[in-house]
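**Q** Provided herewith is a single structure, encoded as structure tokens, for subsequent inquiry.
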Amino acid sequence: MNGPQQIDTNAPIGIFDSGIGGLTVLKAIAHSLPQENFIYFGDTARVPYGDKSQSTILRYSLENAMFLMDLGVKLLVIACNTAAAYSSAKVRQFFKIPIVDVIEAGVAQALQVTTHQRIAILATRATVRSEVYQQALRVAMPGAFITAISCPLFVPLVEEQLLGHEATRLLVKEYLAPLKELNIDTVLLGCTHYPLLAHLIQEELGQGVIIVDSATACAKQVKLLLQQHCSIVATGNSNSNHRFYVSDDPYKFQQQAERFLDWKIATVERADSGVHH
Ligand code: DGL
């Protein structure tokens, strides 16, 4: 194994997602670790992953991880919940650098905050079907009540910027209706896009419900991991460098990304992780 000692401390942190959604994760990490350099890869040519099969999601995820590894990242973040659900174990097996995935981070956070061990997971169809969130929570809290709901229309609504639209409000109501009688105390947002709907979800379920956003949870884990391997914390260059690669139209990504991140991006390059090798 390549120990962290051999890694360049100012090497970038690599983050991949199926598209733009993982920018919620990048934003949270960049906020808590402003001195770090990042490379973000969004697989915009093959998004969405949320309705694809297990083998396809695994293949895409390994290709994305390989693409970032080849660029010399010191730590890898699997920002896509669907990718993490199907590839995390394999990615950890193949690549010997520290790896953080949104699912592990979200689960750890939910375990910390739940008051009555009644947790609902909201995620894509593939993530719900994988049962990865449900199993991780059940193993950690055998007596807990765990339920999961897939909300496939949330991703396009967020991408279309319909965050305050009546249609979005209605769909939030519709998807969350089964939770109303279940006395859920914690809702885990198990999809990159859902943090942008957190306000509507909170409104629908009431202020008493705790919302765990796996993007923020992931940022906490990255910080913790870097501190544990303090030899790979960037040594503070004042101009941290963020590089962006996508597998489809860079221009479209740049427009959406600047909106998601609320900051200007200098360039977005096109790269195809699938034909990289
Ligand atoms: N990034 C995906 C996730 O977090 C959502 C978008 C997709 O379906 O690819 O599950």
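The values are calculated or read from the model by the stated rules, or taken from the named source; none is laboratory data. What you are looking at is a predicted structure, and each value in this text was computed from that prediction instead of being measured. Here Cβ is always computed from backbone atoms with ideal geometry, including for glycine, and neighbour counts include all displayed protein chains.
**Q** How many residues are within 16 Å of the ligand (Cβ to nearest atom) and either under 21 Å from Thr44 (Cβ atoms) or free of Cβ contacts under 8 Å to residues at least 60 places away in the same chain (or both) if we restrict to segment 172-189?
**A** Number of matching residues: 1.
**Q** With a cut-off of at least 1 residues that are modelled with pLDDT of 95 or more, within 26 Å of Pro152 (Cα to Cα) and away from the ligand (no atom under 16 Å from the Cβ), name the helices (runs of 4 or more DSSP H) lying wholly within segment 79-130.
**A** Those helices (runs of 4 or more DSSP H) span 81-94, 102-113.
**Q** Looking at segment 75-87, I want the residues that are over 14 Å from Tyr133 (Cβ atoms) and free of Cβ contacts under 8 Å to residues at least 60 places away in the same chain and have a partner that is assigned to a strand (DSSP E or B) and within 10 Å of the ligand (Cβ to nearest atom) with Cβ atoms under 9 Å, at least 6 apart or on another chain. Which pairs are those?
**A** Note: pairs meeting the criteria are Ser87/Ile78.
**Q** Find the residue count for segment 137-157, including only residues that are in a helix (DSSP H, G or I) and buried (at least 19 other Cβ atoms within 10 Å of the Cβ).
**A** 4
**Q** Further question: Among the residues of segment 210-227 satisfying the criterion of being more than 16 Å from the ligand (Cβ to nearest atom), of a type in the set (A, V, I, L, M, F, W, C) and within 28 Å of Gln35 (Cβ to Cβ), which is nearest to the chain's Cα centre (by Cα)?
**A** Val222
**Q** Check off (1) within 16 Å of the ligand (Cβ to nearest atom); (2) among the hydrophobic types (A, V, I, L, M, F, W, C); (3) over 12 Å from the mean Cα position of the chain (by Cα) for Val73 and give me the number that stays unchecked.
**A** (1)
**Q** Taking the condition of a type outside the set (Gly, Ala, Ser), over 24 Å from Val25 (Cβ atoms) and either away from the ligand (no atom under 16 Å from the Cβ) or at pLDDT 95 or above (or both), does Gln207 pass?
**A** The answer is yes for Gln207.
**Q** For segment 142-167, name all the residues that are more than 16 Å from the ligand (Cβ to nearest atom) and either more than 23 Å from the chain's Cα centre (by Cα) or not hydrophobic (A, V, I, L, M, F, W, C) (or both).
**A** Of everything in segment 142-167, those that are more than 16 Å from the ligand (Cβ to nearest atom) and either more than 23 Å from the chain's Cα centre (by Cα) or not hydrophobic (A, V, I, L, M, F, W, C) (or both) turn out to be Pro142, Gly143, Ala144, Phe145, Thr147, Gly164, His165, Glu166, Ala167.
**Q** Sort out which residues of segment 24-57 are among the hydrophobic types (A, V, I, L, M, F, W, C), more than 10 Å from the ligand (Cβ to nearest atom) and buried (at least 19 other Cβ atoms within 10 Å of the Cβ), and write them in order of number.
**A** Those that are among the hydrophobic types (A, V, I, L, M, F, W, C), more than 10 Å from the ligand (Cβ to nearest atom) and buried (at least 19 other Cβ atoms within 10 Å of the Cβ): Leu26, Ala28, Ile29, Ala30, Phe38, Ile39, Phe41.
**Q** Out of curiosity, is Gly14 touching a helix residue (DSSP H, G or I) at 6+ places or on another chain (Cβ under 8 Å), closer than 19 Å to Ala219 by Cβ, within 11 Å of the ligand (Cβ to nearest atom) and modelled with pLDDT of 95 or more?
**A** no
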